[in-house]
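A quick write-up on the structure given underneath.
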Amino acid sequence: MDPSERYEAIAHCNHCGFCQTACPIFRSTGYEGGVARGRLALLRAVIEGRLDWSPELEEPLYSCLLCGACTSNCFGAIPTAELVTAARTEYLEKVGRKSIHRLLFDTLLPYPRRLHLAARAAALGKNSGASNLARALGLLRIFGRDLEQAEGIVDRLPVRPFRERFKPGVYDGQGRGRPVAYFVGCGVDVVSHAVGEATLGLLRRFSRSVRVLENNCCGLPAWSYGDLTAARKLAGKHLPLIEAAGAEIVVTDCSSCTGFIKKYPELFPESDPLRSPALSVAAKARDVSEWLAAEVAPRSQALAGRRVTFHDPCHAVRGQGVSREPREVLRRMPGAEFVELPEADWCCGGAGSYALSHYDLAMQVLDRKMENLRKTGAEVLVTTCPACILQLSHGVRRHRLKVEVRHLTEVVSGPKG
């Protein structure tokens, strides 16, 4: 998106303030610069030359959750998250990238084996308590100004990656459904193994075969940061991989991954030869809740006699328009009592790595989510994003709630996930 296109979109803002009522950050801070119309005014000033690109712009640009709630509440449907992301890209070009992001986006995320080694080192440090020493010495700050606090969001880490136990390749299925490809997101691969096992088990149970892809990061973290070059590189590696898999459907159990894969065509202009395969891959992508609602008749008794509620990941409800499907699945669960979560589509404050640099804000947003959860009286909170699961689990511990946080595939597959 070039500056003139951004200016035209920004000019549609009439400063009505309806974005204020939907913005989790504004509701936490009351700061005008932290709401859509404030950020749009800032971008307009930069485009008009009244404000120069400088490091001072980092905070207003990067304190946005990119949750898209403002757009949903905007009469002009101004795509503020896309405008902010485009501005981040220009910010990196004018001000520069940080070394930690070059390490992540250029050196680790494109190469699963390197990521696995880094994750194993982090797991050993976390599980042994060595990270506590690193925190005391201030060594964690190089990975984010608030990592010393945010490090506690994760309780423990697996030492081995999911795909070391379930290697990429074709797995026979027991069902009659079409063959599927399973895109394993980074969160499942290095943190949420129970989710991956539950998902793979369901895919095998209801499909004729499942190909576990040897994919790398989907590219969303780089895109969110504003590194469009890295995001295109990561996405571009998947296009021939997924096409070669020959599956009609590509399922992910991370709504963030699915949402971004569906946006792959936007990364490549019409003239780019990768545009056509990007369209093909995007058309095959399915959020696991979409696949479950269409293919599976839940038989699990995991929620029998229990009250359950659902949190909408931002990349599902607004990124893909997926909201009805997971609720359909939960309502069909034998013996489950489904209750709607107030503000279910409000961001939980996870937003990928948001807490690494904005821990206090992330916790304020999370606290609001936990108060709404308390009102439901639910015993189980279900969602479809590993990052949300980590954040929500931290919130449950933080507020001492007797609530289990589970992925949708865990409760559908059975009590053990």
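The values are calculated or read from the model by the stated rules, or taken from the named source; none is laboratory data. Here the structure is a predicted model, which is why all the values come from computation and not from measurement. Using ideal geometry, Cβ is built from the backbone for each residue, glycine included, and neighbour counts are taken over all protein chains shown. Only protein heavy atoms, including side chains, enter the accessible area calculation; ligands, DNA and RNA are left aside. Shrake-Rupley method; radii C 1.70, N 1.55, O 1.52, S 1.80 Å.
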Subject >> Between segment 365-393 and segment 62-106, the Cα center-to-center distance that results, in Å >> reply: 25 Å
**OP:** At a temperature of 37 °C and a viscosity of 0.692 mPa s, determine how fast segment 1-65 diffuses translationally according to Stokes-Einstein, using the Kirkwood radius over alpha-carbon pairs as Rh; express D in µm²/s, rounded to the nearest whole number.
**Re:** 265 µm²/s
Original post:
What accessible area, in Å² to the nearest ten, does a 1.4 Å probe give for residue 91?
Top reply: 10 Å²
Original post:
Given +1 on the Cβ of Lys and Arg, -1 on the Cβ of Asp and Glu, and no further charges, what dipole in debye does the chain carry about its Cα centre, rounded to the nearest 20?
Top reply: 1400 debye
Subject >> Shape metrics for segment 188-346, restricted to C-alpha atoms - Rg then Dmax, Å >> reply: 16.8, 56
Original post:
Within straight cross-link reach of residue 167, meaning Cα distance under 19 Å, which lysines are found once same-chain residues fewer than 8 apart are removed?
Top reply: 237
Original post:
Hey, how many Å between the Cα centroid of segment 180-244 and the Cα centroid of segment 3-58?
Top reply: 33 Å
**OP:** Could you bin all the Cα-Cα distances of the chain into 20 Å bins starting at 0 and give me the percent of pairs in each, rounded to whole numbers?
**Re:** 26, 60, 13, 0
Original post:
When the helices in the chain are scored as -39500 (n - 2.57) per DSSP H run of 4 or longer and the sum is shared across all residues, what 222 nm value do you end up with, to the nearest 500 deg cm²/dmol?
Top reply: -14000 deg cm²/dmol
Subject >> Solvent-accessible area, 1.4 Å probe, carbon plus sulfur percent, for segment 169-210 >> reply: 47 percent
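For segment 344-399, what is the Kirkwood estimate of the hydrodynamic radius, computed as the reciprocal of the mean inverse distance between distinct Cα atoms, to one decimal in Å?
Working: mean 1/r = 0.0885 Å⁻¹.
That comes to 11.3 Å for segment 344-399.
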**OP:** Could you look at segment 319-394 and say what percent of its accessible area is carbon and sulfur, using a 1.4 Å probe and all protein chains?
**Re:** 51 percent
Subject >> Which listed pairs, of 263/369; 262/369; 369/402; 233/262; 94/262, have C-alpha distances above 19 Å, in listed order >> reply: 263/369; 262/369; 94/262
**OP:** Enter the accessible area per residue of segment 266-417 (Å², integer; probe 1.4 Å; all protein chains in place).
**Re:** 41 Å²
Original post:
How much accessible area per residue does segment 1-80 have, in Å², with a 1.4 Å probe?
Top reply: 50 Å²
